[in-house]
Amino acid sequence: MGKNKISRFEENLTFKHLFQRSFEQLVDGFHLKGKWHEDYFCNDNPIILELGCGKGEYTIGLAQRFPEKNFIGFDIKGSRIWVGCRKAKELELKNVAFIRTRISLIENFFAENEVSEIWLTFSDPHLRKAHARKRLSSQQFLDRYSKFIKDDNIIHLKTDNPALFEFTLDVIKEGGHQLGFVSEDVHGKDAPSEVREIQTFYEEMWRDEGRTIHYLNFRMKKT
């Protein structure tokens with residue numbers, strides 16, 4: 001492991017807005033589950049998640065644009081999430097938190113009706129058919145989200161992968177979910193400003209390569 005990663009992992013331990021938990025550490029529960037509003041954000045504003053947040057560009061960008069909402073970024077990579085944590089600290093953002101863990105453990109962190117929206121930004125498309133269940137927009141993951149998301153919810157998907165985009169459209173249709181805005185090219189059509197203007201490092205790189213960025217949102221029918 002490089003010195004840069006080691007120093008980042010060490011600094012991660014000092015961030016009060018970063019929570020790092022393994023499966024074993026969640027056996028006795030997570031102390032903020034059901035108490036995010038009261039004990040962390042100290043307000044009743046909506047809670048929005050970004051799953052697979054990487055360096056946290058979207059979590060930070062959304063938090064700056066919407067100070068009346070709370071944002072939590074999820075990722076397993078400690079070196080990447082450090083970037084977002086450091087930026088949030090520098091900007092003194094009070095409506096931001098990060099969780100470093102596997103997304104498969106997500107229902108351990110939130111109670112029923114505690115979350116309003118979820119952003120899936122450039123998620124791993126898991127292109128092999130046998131791995132479809134691992135896609136964050138699969139019905140299997142939507143079932144996980146239904147345990148803590150509100151009835152009046154919004155799920156956002158932003159991706160450069162057309163196969164994942166089409167897969168998600170199929171999931172929405174087959175699951176009876178309510179499709180909202182759809183754009184096959186967010187930089188060529190009238191997509192919401194936060195979709196067009198907030199860009200991750202990889203999105204900028206992919207656009208330079210000529211890739212098209214897709215976006216959709218939908219309201220999930222809870223199980």
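The values are calculated or read from the model by the stated rules, or taken from the named source; none is laboratory data. Everything numeric here is computed off the predicted structure, so don't read it as measured data. We place every Cβ from the backbone using ideal geometry, glycine too, and count neighbours over all the protein chains shown. Calculation scope for accessible area: heavy atoms of the full protein, side chains included, ligands and nucleic acids excluded. Shrake-Rupley method; radii C 1.70, N 1.55, O 1.52, S 1.80 Å.
Overview of values
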| item | result |
| --- | --- |
| Filter result (among the small types (Gly, Ala, Ser) and modelled with pLDDT under 95) within the range 127-145 | Ala130, Ala132 |
| Options Gly73, Gly34; residue that is open to solvent by less than 50 Å² (accessible area, probe 1.4 Å), closer than 26 Å to Ser123 by Cα and of a type in the set (Gly, Ala, Ser) | Gly73 |
| Of the criteria (1) touching a Cys at 6+ places or on another chain (Cβ under 6 Å); (2) open to solvent by 10 Å² or more (accessible area, probe 1.4 Å), which one Phe98 fails | (2) |
| Complete set of residues in the range 133-192 that are among the polar types (S, T, N, Q), under 26 Å from Leu32 (Cα atoms) and touching a residue at least 40 places away in the same chain (Cβ under 8 Å) | Ser146, Asn153 |
| Lone qualifier among Phe98, Phe110, Phe165, Phe148 - being of a type in the set (A, V, I, L, M, F, W, C), closer than 30 Å to Gly210 by Cβ and modelled with pLDDT of 95 or more | Phe165 |
| Any chance Arg144 is within 23 Å of Leu216 (Cα to Cα) and in contact with a Leu (Cβ under 8 Å, 6 or more places away or on another chain) | no |
| Flag if Ser123 is assigned to a loop (DSSP other than H, G, I, E, B), free of Cβ contacts under 8 Å to residues at least 60 places away in the same chain and open to solvent by less than 30 Å² (accessible area, probe 1.4 Å) | no |
| Test for Asp208: is it open to solvent by 60 Å² or more (accessible area, probe 1.4 Å) and within 25 Å of Arg133 (Cα to Cα) | no |
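Okay, residues lined up against (1) closer than 17 Å to Thr101 by Cα; (2) open to solvent by less than 60 Å² (accessible area, probe 1.4 Å); (3) in contact (Cβ under 8 Å) with a residue 40 or more places away in the chain; (4) out of contact with any Lys or Arg (no Cβ under 8 Å at 6 or more places or on another chain):
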residue	(1), (2), (3), (4)
Arg8	yes, yes, yes, yes
Asn12	yes, yes, yes, no
Gln20	yes, yes, yes, no
Phe23	yes, no, yes, no
Gly29	yes, yes, yes, yes
Asp39	no, no, no, yes
Cys42	no, no, no, yes
Gly52	yes, yes, yes, yes
Lys55	yes, no, yes, no
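Matching residues to (1) modelled with pLDDT of 95 or more; (2) under 30 Å from Ser7 (Cα atoms); (3) not in a helix (DSSP H, G or I):
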{"residue": "Arg86", "(1), (2), (3)": "yes, yes, no"}
{"residue": "Lys89", "(1), (2), (3)": "yes, yes, no"}
{"residue": "Ile118", "(1), (2), (3)": "yes, no, yes"}
{"residue": "Leu157", "(1), (2), (3)": "yes, no, yes"}
{"residue": "Lys173", "(1), (2), (3)": "yes, no, no"}
{"residue": "Leu179", "(1), (2), (3)": "yes, no, yes"}
{"residue": "Gly188", "(1), (2), (3)": "no, no, yes"}
